[in-house]
Amino acid sequence: MFQKQLFFVLFISTTLSFGQVGGKSVYQFLDLVTSPRQAALGGKLITIYDTDVNQAMFNPAAINAEMDNHLSLNYGSLFGEVTYGTASYAYTFDRRTQTFHAGVNYVNYGSFAGYDENGLETSSFTGSEIALSVGYAYNLPYTDIYVGGNAKLISSTLESYNSFGGAIDLGAIYVDEYNDINIALAIRNIGTQFTTYAGANEKLPLEIIAGISQELEHVPLRWHLTLENLQQWDVSFSNPARAQGNIDGGSTPEKVSFFNNALRHLIVGAELFPEKAFNIRMGYNFRRGQELSIEEQRNFSGISLGIGLRFNKIKFDYSYSRYTLAANTSLFGLTINLQ
């Protein structure tokens with residue numbers, strides 16, 4: 001059974017993928033991880049199906065009645081003055097099928113000094129973005145398959161420029177309780193700009209993600225495997241630090257192999273004691289590790305770590321993600337069971 005399910009995920013990765021991501025769309029903040037648990041496990045996790053109300057932000061199919069009346073607040077500082085946060089809440093109207101989710105995520109880019117075309121200082125300015133979402137999931141009758149959707153309204157302000165847009169997320173998850181295996185697929189950020197910054201309509205960061213996870217039978221550990229950016233096969237980026245010098249003084253960019261490019265779609269993670277009050281988490285993002293590593297210097301780019309602590313109806317989560325020697329991020333989260 002497990003081999004068949006693994007083949008399904010690998011098949012999805014080869015049929016849906018079709019180079020470099022980033023910098024091609026607006027509202028890139030929508031791809032930021034939504035919680036310390038997500039970040040600690042490498043990011044973009046879509047296979048968790050439990051009381052974690054944050055999961056609905058990346059896969060709306062994860063919305064379930066066990067999230068009822070749970071509130072989650074997360075906060076982090078990204079690379080200096082940039083601050084980032086999310087909030088999630090779920091409420092169940094009917095214990096069988098009527099659980100709804102609401103969420104918000106924002107990013108504030110801090111203050112910038114303004115200058116005119118002559119280099120003279122003008123007034124300072126700021127930039128910020130926010131998205132509001134509502135979601136719902138449904139269990140297909142007589143199956144272990146759950147499907148869900150999020151609808152999002154997006155607002156962005158960068159200096160004197162403003163944009164407003166909308167998007168939806170679609171997700172599905174298969175929960176095999178007998179073998180403790182979850183398989184999921186999510187299509188995120190299907191949408192458009194309603195108003196543009198300066199008259200040019202830009203694409204949203206559409207992404208297809210697939211994943212599989214399993215809790216081991218005799219070891220208190222759940223492993224996760226995520227395949228990101230399946231809408232685009234070539235996600236390679238030639239690291240300038242790996243360029244080869246030529247005899248004429250020029251340089252030849254790094255060539256990314258087929259296998260190396262394939263690995264850049266992969267995120268792996270593991271959570272120790274997933275059902276207990278204390279959790280230890282670790283993840284590795286291959287694309288981040290390859291793009292941000294430095295030649296002849298070990299800086300552990302791509303690695304992330306985290307913990308979770310639960311005290312009665314309150315849970316605290318923390319994650320540390322390694323990017324470069326000069327830039328790393330920590331996220332803090334608090335989840336409260338209001339029942």
Debye equation applied to the C-alpha atoms of the chain, log10 I(q)/I(0) at 0.10, 0.11, 0.12 Å⁻¹: -0.63, -0.76, -0.90
Total formal charge among the other residues, if their Cβ is under 14 angstrom from that of ARG287, Lys/Arg +1 and Asp/Glu -1: -1
DSSP loop trypsin sites (Lys or Arg not before Pro) in region 147-204 with at most 14 other Cβ atoms within 10 Å of their Cβ, which ones? LYS203
Please compare each pair in LYS203/LYS255; LYS152/LYS203; LYS152/LYS276; LYS152/LYS313; LYS44/LYS276 to a cut-off of 25 Å on the Cα-Cα distance and tell me which ones are over it. LYS203/LYS255; LYS152/LYS276; LYS152/LYS313
Just rank SER321, SER77, SER124, fewest to most, by other beta-carbon atoms within 10 angstrom. SER124, SER77, SER321
Hey, what do the phi angles of region 269-274 turn into as Karplus ³J(HN,Hα) couplings, whole Hz, using 6.51/-1.76/1.60 and θ = phi - 60°, x for Gly and Pro? x, 8, 10, 8, 6, x
Would you calculate the separation in nanometres between label points at PHE125 and GLU66, each defined as 7 Å from the Cα along the Cα-to-beta-carbon direction? 4.8
For region 281-290, Karplus-derived ³J(HN,Hα) couplings (6.51, -1.76, 1.60; θ = phi - 60°; whole Hz; x for glycine and proline) come out as 10, 8, x, 9, 9, 5, 5, 4, x, 6
Using the count of nearby Cβ atoms within 10 Å as a rough guide to exposure, how do THR83, THR99 rank from fewest to most? THR83, THR99
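Each reported figure results from applying straightforward, stated rules to the coordinates on display, with no laboratory input. Predicted, not measured: the structure shown is a model, and the values here were computed from it. Cβ coordinates were reconstructed from backbone atoms using ideal geometry, including for glycine residues, and neighbour counts include every protein chain displayed.
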